[in-house]
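First the structure, in the form of structure tokens, and then the observations on it.
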Amino acid sequence: MKELLIVWHSQFGGTAQMAAAARDGACTIEDVVIDFKAARDAGVADLLRCDALLVATSENFGSLAGVTKDFFERVYYPCEHAVAGKPYTVIVCAGTDGQGAMLQTDRIIKGLAMRKVLPGIIHRSGIT
């Protein structure tokens, strides 16, 4: 059994809808358990335990949402050498461009030496 950790933050509901859709789709995969956590509630134990990570975040002021960044600030050093090679990808729900949030998320996770397995999705919804 593999565990997918979905860490998400949504201010206005768009990112929450995208994260829930990803969760619902992943639930159809045999032998995969989903841990669906709001970024404010996810922590070190969750990231260490999972086999893969999906980050779903809104774009705020052209960058990664602060609550999502807070998740990374809390887990980065405790997980720095323990999650190398774990697969991850990112979903960004953007009010405008989304590139800043994607780049910032990738930059942080690159420091954790995780492996991006899908290019990520930027949805320009006009809501975040």
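The numbers here are math on the coordinates, done by the rules we state, and not lab data. Bear in mind that the values here come from a model prediction, so they are computed numbers and not experimental data. Don't worry about glycine lacking a Cβ; one is built from the backbone with ideal geometry, like all the others, and counts go over all protein chains shown.
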Chymotrypsin sites (Phe, Trp or Tyr not before Pro) restricted to the range 11-113 and DSSP loop, no more than 16 other C-beta within 10 Å: PHE12, PHE61
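Only bridges with both residues in the chain count here: give the DSSP antiparallel percent, nearest 5.
On the way: 2 of 26 bridges.
Percent antiparallel among DSSP bridges in the chain is about 10.
Based solely on its DSSP helices, what 222 nm [θ] is calculated for the chain when runs of n ≥ 4 H residues each add -39,500 (n - 2.57) and the sum is averaged over all residues, nearest 500 deg cm²/dmol? Could you put the intermediate results ahead of the total?
Numbers: 4 runs with 46 residues, N = 128.
The helix contribution divided over the chain gives -11000 deg cm²/dmol.
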Alpha-carbon Rg with Dmax, taken over the range 58-128, Å: 12.2, 37
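Expressed as cubic angstrom per residue, what is the convex hull volume of the alpha carbon set of the range 25-71? Each step should come with its number before you reach the end.
On the way: hull volume 3.9 nm³, N = 47.
With only Cα atoms used, the range 25-71 gives 82 Å³ per residue.
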Debye intensity ratio I(q)/I(0), log10, the chain, q values 0.09, 0.22 Å⁻¹ (C-alpha model): -0.21, -1.35
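Could you please tell me the mean projected area of the C-alpha convex hull for the range 1-44, averaged over all directions and given in square nanometres to one decimal?
On the way: hull surface 12.5 nm².
Over every viewing direction, the Cα hull of the range 1-44 projects on average to 3.1 nm².
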Nitroxide proxy distance, nm - points 7 Å out along Cα→Cβ at ASP35 and LEU48: 1.0 nm
Cβ-derived FRET efficiency at R0 25 Å, LEU118 paired with PHE61, nearest 0.05: 0.45
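Express in nm, to one decimal, how much length is gained between ASP97 and ASP24 on full extension, taking 0.36 nm for each residue of separation and deducting their alpha carbon distance. Before the final figure, lay out the partial values.
Working: separation 73, 0.36 × 73 = 26.28 nm, distance 2.61 nm.
So the chain would gain 23.7 nm between ASP97 and ASP24.
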Relative contact order, percent, the chain [alpha-carbon distance under 8 Å, six or more residues apart]: 28 percent
Dipole in debye (nearest 20) - the range 3-55, about Cα centre, beta carbon charges: Lys, Arg +1; Asp, Glu -1: 280 debye
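Which order do peptides 77-85, 52-60, 37-45 fall in by mean Cβ count within 10 Å, highest first? Before the final figure, lay out the partial values.
On the way: 77-85: 13.1, 52-60: 25.2, 37-45: 15.9.
Those peptides, ordered most packed to least, come out 52-60, 37-45, 77-85.
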